[in-house]
Structures are given as structure tokens and as C-alpha cells.
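For reference, the structure discussed in these notes is given below.
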Amino acid sequence: MLVTSTLRTNDGGRCATPEASLSDAPPDEAWSKRPGRPSPGSPSDAVLIVSRLGFVKFVSEHARALVTEYVGPFTDERLPSFLVASLEQSWHRRCGVPFVAEREGRRLLIRPLLTSDPDEIVLLVQEQRHPVDQPLRRHGLTPREHEVLWWVTEGKTNPEIGIILGRSARTVQIHLNRVYRKLGVETRTAAATLALPAWSTAIDRKWVREFLDFYWNIGFFRGHAGKSKADWLAELWEPWESGDSDSYDANRPADPLLLAQDENRVWNEDCEAGAEAGANVYVNEMARWAGIARGAFEPEDVREEWPGPTSEGPLRLHFKLGDKPHVVEVAAGEWLDLGLFKKLNAIIGPGGSHFADFPTDGQDAYLVVLTTAERDLIEKNRGLRFEFIE
């Protein structure tokens, strides 16, 4: 990990003014520009309030996690001393130049925001993911020129880019002039317009790869005969490549929509299933639910007991788990009674894997079987919350 203090003058020796006041700071957990996923290069912001000596007055959970990961743990609810010293110098000079820590292609900026309270420092904690892809290399752009152009596409001014990169605004403009010449354009708007489509493709493919890496490591997309991880990457990437990726992020996170393609782990179906006497809908679906349960639920001798030919009144489902018989009642009717899963989780008992759902907008249901550790890992790393049905 590289830690640097960016307490330096910028843009002709003047201190750069803060980019935001506290009222302008994005809310905690504000991650992506596109629903459902963080965009590399976009900030993840959180707020931290400390005394002039570095003692914490308020810290969001996200801010604590970021500072701990990049800088080090809090000691007795106090920031590391070298971080306090750097921020105190910035505060004395009344400028918003941030403290910077870099790690594995990511950068953390801790920026003091000016307030009227002389005994308090409000800090905006920002994680920024560098553009590791360089889609314009064929035009001869260097890694630094890619980075400058990236921040131009993010709407940053030269002084702001200078603060982020630890360079003067004049140096930033020199890089931009070279970018213009190599791309054959004359303005930053023209350069950004040319760069955005190339970066969008690189970012989307990188995001799909990161998505697959994460879920593959916890057992998704495995066990499909003749289908490798590379095959899945090509299949999941195809909508972006064909220009049909809008369907993935229009109304809900992309993760559930991509995960639904793994029918060995996900049951995503319309609940209006025509459940009536003689149709054996529950018998058939119980086999599918067992298929996603990874051994946590393996019913045998499943049969439906209807109250009569009119399909009115409660339906009884009979099945065995091991040698133990079970009978559960569900509401009869055209629609599947999803309250059944509360009863199935109770039968499975504590510990291990259980049925969990993801809320949907329509009449379909979305079910997976997870352990508590898996559910928490998905929420922490992907921002996706499955709820156990209980």
C-alpha cells in the first residue's frame, strides 16, 4: 500500500478550494452511476467527523471500513497519528487538499470540509477506482494520459484532476494537449465524446468478469455439464456485446438477473402456476427446489392431497426427509403459496443452508439457497440483500 500526503499547492500556488460542502456530500453507500453496480472510477463516499486531535465524534460503518482498509485501524476511537497531522496541516491552511492512500489500483481520498466549528473536522472519505483498462492505446495514449482523460469523462476540471493526481493544473493541461493531438480533436468535450464508448465497453466487460469471479468462488455457475467458466463469461457478456445491456440495469440490480441464468442455484418463476387438483404443480416444483438446495432439502415420496375436485380449501403436501414423514398445508388456488418456504426452512432446522428470496416487482418469485455466511458475503461485496424466509 502506498500512502502519500497531497498537501501541496495547486494551480499556480493557490490552495484548491473544497469540491463540496457537507450539505453537498453524497450519502453513505452512494456507489454507482448505473443501478446495480459500481462504476470503476466513480467515488464511493462516506462521512467522518473528528475533533482537532483526531478523536472520532461520528463515523459511518462504510467510512470506518474504508479508513481501516487503506490506512489502518482506529485506536481508542482515534485516527492514526500521521493521518491526523496531515489533515491538521490542511485545516490550518484552510484548503481542501485531501490525504491520499493507494492500494491495488484503487485510491482513497480523505478530504477535510470547511465548517464554522473550530474544534471539529468534517471529512469526506472517497474511494476511487482507477481506470485500469486502457482502451485507447491504439491511439498512442500513455497510462497517465488515459488517467487524465478518464477524469475528464467524469466531469472533473483541471484543478480537480490535479488534486486527484497530485499534479498542477498546468501539468494536467499539458497531458490533455497531447491527448487532443493523438485523438485528432481540439476540445475536452470532443475527447470525452470519443473516449466514453471505448471505456464503457472495457468497464462493462471488466464488471461482468468481476461478477462471475465472485459468484463462481461461492459455488454459482458450477456443475453445468460441458460448460466452463470461460463459456459462462461469454454468455453473460453477450447482452452488452450485442447492445442489449439496458435490460440488465433498468429497474433493479444486474446481479439477480445474471444469477437467474444459473438454474442449478436459482429458482425464478411466475407464481401463477395453475396449481390445481391433478396438475401436480407442487410435486414438480418440489423437485426443482430440491435441485437448488445443494443437499439441504431432499424430499422423497412427494404427493399432493387436495380437499376435493373443486380445488378449494387448504392443500396438504406429503413428503419424507430421510426416513421422517412430513405434512405441510398450503393455500389452494392458481397461485403458488410461497408461505410454504417458511415451513420448509423450519423443517430444515437451524444451521446450514436455507431458502432465501430477493424482492421482485412483478408476480414472479426469486429463490436461492444460502448459508448465513454466504448471504452476508454477497451483501458485503455485491450490495445485494437476500432475506431468509422465516
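Only loop residues by DSSP count here, and only those with at most 12 other Cβ atoms within 10 Å; note down the GluC sites (Glu not before Pro) in the range 151-215 that meet that. Those satisfying the criteria are 186. For the range 132-225, treating each Cα as an identical point scatterer without solvent, what Debye log10 I(q)/I(0) comes out at q = 0.14, 0.15, 0.22, 0.23 1/Å? For the range 132-225 at q = 0.14, 0.15, 0.22, 0.23 Å⁻¹, log10 I(q)/I(0) is -0.57, -0.62, -1.05, -1.12. Give the shape of the range 266-388 as rounded, prolate or oblate, defined through the alpha-carbon gyration tensor: a ≥ b ≥ c are the square roots of its eigenvalues, a/c under 1.5 means rounded, and otherwise the shape is prolate if a/b is larger than b/c and oblate if not. Because a/c hits 1.5 or more and a/b fails to exceed b/c, the range 266-388 counts as oblate. Note on the range 132-225: dipole from Cβ charges, positive end direction compared against 140, 195, 217; the farthest Cα belongs to 140.
In a reduced charge model with +1 at each Lys and Arg Cβ and -1 at each Asp and Glu Cβ, the range 266-388 shows a dipole moment near 600 debye about its Cα centre.
Over every Cα atom in the range 285-356, the radius of gyration and the widest Cα-Cα span, Dmax, amount to 12.5, 40 Å. In terms of other Cβ atoms within 10 Å, 153, 142 run from fewest to most in the order 142, 153. The order of the peptides 57-68, 224-235 by mean Cβ neighbours within 10 Å, most packed first, is 57-68, 224-235. Compared with the direct C-alpha span, the chain from residue 343 to residue 331 gains 3.0 nm at full extension, assuming 0.36 nm per residue.
Pairs spanning more than 28 Å between alpha-carbon atoms, out of 229/380; 324/380; 229/320; 182/206; 156/182: 324/380; 229/320.
Among 368, 328, the order by Cβ neighbours within 10 angstrom, fewest to most, reads 328, 368.
Where a number appears in this text, it was derived from the coordinates with a stated rule and is not lab data. Bear in mind that the values here come from a model prediction, so they are computed numbers and not experimental data. Positions of Cβ are backbone-derived with ideal geometry, glycine not excepted, and every protein chain shown enters the neighbour counts.
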